[in-house]
Amino acid sequence: MINVEYENLKKLNSIYFNELREATNKVIESGWYILGNEVRAFEKKFSNFLSSKHCIGVSNGMDALEMAFSALDLPSNSEVITSSHSYIATILAIKNNSLKPVLAATCQDTFNIDHNSIEKLITKNTSAICVTHMYGNPCKMDEITKIAKKYNLKLVEDCAQAHGSQYMDKMVGTFGDIGCFSFYPTKNLGALGDAGALVTENKDIADKLFMMRNYGSERKYFNKILGSNRRLDEIQAAILNVKLNHFSSYISQKNYIVTRYKNELSKKVQIQKFHSNTTVVQHIFSIITENRDEFRKNLKTNGVLTEVHYPIPVWKQKCMLTYNLNRCLIAEQLADSQVSIPSSIWLNDEQINHTIEIINMFYK
């Protein structure tokens, strides 16, 4: 039987193994392991890749989000309108800054925040909007930026799943005040451990973020603001530099797999839809099925492993029950019906063919 794992990081990283080994050896031999040449090189390369003025490498995507809300100096207990269908990290980052998350409706087709629901949620206590580009699919950023400007709200983009995706020929992460990225190992641009970054066009915000990640220090032993230790380390930066060099070919292979699924899966399969004027680099190939348990069991029996992103809506998480977060019916439906099928770039044609065949047989 043909076996198709959902992900295999060893196979994924074997593509770059020699270069990764050379890059990490170079760091080890340099004797400089924190905030050195590799971090500076990555920050420059990633900002150039996004056509953004400033990039700040940090320890992980969650820290990037927390730092973003902190750097914007939002009033304590003010409201942040955000996506109801997203990983909990976004909500935790808001709560950990003493801010109140307000969950907007989710679009049934795109799985993103429904931009038409945002304006209805704005109150005198609203200070910001935070969008998540789900599975790599850009939100409708032209409309969302208009709303933010109209009401003088800060705008944060959670781009943890959307490296390289574009809306109207502009990279996600560059529409708002701050864009936040995760380089968790399973991401399209993944480190070999935790890593993250923030991007911004605003120099004052960038200068503040550089200090915040390093104890609030502009230079050693001179601490200008309250900060913490959230630095991107040299080895992870070196790994990201290698992978960024190959990212265009990575995107091409990812798009090959995604295109085959779109063209060859049964029309009965409900897949994620995209807004016009988007260039999508999908982190996850997501489908909707009413019989999820049966569907996943059938695929597993036939050697195809799947995942669910995400099975429990954030307002149902035990740690959030006391906060009375507003429900979203569509996000709840997605939590009950979403399935992620294998789409990693190490998949070969035999495995792709098998996955398509098994899914289509199920829908017959």
Please go through the stretch 176-218 and pick out each residue that is of a type in the set (S, T, N, Q), under 19 Å from ILE284 (Cα atoms) and surrounded by fewer than 19 Cβ atoms within 10 Å (Cβ to Cβ).
THR186
Restricting attention to the stretch 225-236, does a residue exist that is of a type in the set (Gly, Ala, Ser), buried (at least 19 other Cβ atoms within 10 Å of the Cβ) and outside any helix (DSSP H, G or I)?
yes
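Here is a yes/no grid of residues against (1) at pLDDT 95 or above; (2) out of contact with any helix residue (DSSP H, G or I) (no Cβ under 9 Å at 6 or more places or on another chain); (3) of a type outside the set (Gly, Ala, Ser); (4) closer than 22 Å to SER165 by Cβ:
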| site | (1), (2), (3), (4) |
| --- | --- |
| THR186 | yes, no, yes, yes |
| ASN229 | yes, yes, yes, no |
| ILE235 | yes, no, yes, no |
| ALA238 | yes, no, no, no |
| GLU264 | yes, no, yes, no |
Any residue at all in the stretch 248-269 that's out of contact with any Leu (no Cβ under 8 Å at 6 or more places or on another chain) and in a strand (DSSP E or B)?
no
Scan the stretch 1-17 and report the pairs whose first residue is closer than 20 Å to GLN236 by Cα and surrounded by 15 or more Cβ atoms within 10 Å (Cβ to Cβ) and whose second residue is among the basic types (Lys, Arg) and modelled with pLDDT of 95 or more, with Cβ atoms within less than 7 Å and a gap of 6+ or a chain change.
TYR16/LYS243
Among the residues of the stretch 154-175, which ones are buried (at least 24 other Cβ atoms within 10 Å of the Cβ) and free of Cβ contacts under 8 Å to residues at least 40 places away in the same chain?
GLU157, CYS159, VAL172
Any chance GLU264 is acidic (Asp, Glu) and crowded, with 17+ Cβ neighbours inside 10 Å
no
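Name the residue that is farthest from MET361 (Cα to Cα), counting only residues in the stretch 272-291 that are surrounded by fewer than 17 Cβ atoms within 10 Å (Cβ to Cβ) and touching a residue at least 12 places away in the same chain (Cβ under 8 Å).
Only one residue fits best here, namely ASN277.
How about the stretch 117-136: which of its residues are in contact (Cβ under 8 Å) with a residue 12 or more places away in the chain and either more than 30 Å from THR186 (Cα to Cα) or not assigned by TED's automatic domain parsing to the domain that holds GLN166 (or both)? It would help to see each step written out before you state the result.
Looking only at the stretch 117-136, we keep the residues that are in contact (Cβ under 8 Å) with a residue 12 or more places away in the chain, and these are 117-119, 121-123, 125-136.
Within the stretch 117-136, SER117, ILE118, GLU119, LEU121, ILE122, THR123, ASN125, THR126, SER127 qualify.
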Residue among PHE210, PHE181 that is of a type in the set (Phe, Trp, Tyr), under 20 Å from HIS54 (Cα atoms), touching a Leu at 6+ places or on another chain (Cβ under 9 Å) and outside the structural domain of VAL258 (by TED's automatic domain parsing):
PHE181
Might you check whether a residue that is in a strand (DSSP E or B) and modelled with pLDDT of 95 or more occurs anywhere in the stretch 213-221?
yes
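The values are calculated or read from the model by the stated rules, or taken from the named source; none is laboratory data. Please read all numbers here as calculations on a predicted model, not as lab measurements. As a convention, Cβ positions derive from the backbone with ideal geometry for all residues, glycine included, and neighbour counts pool all protein chains shown.
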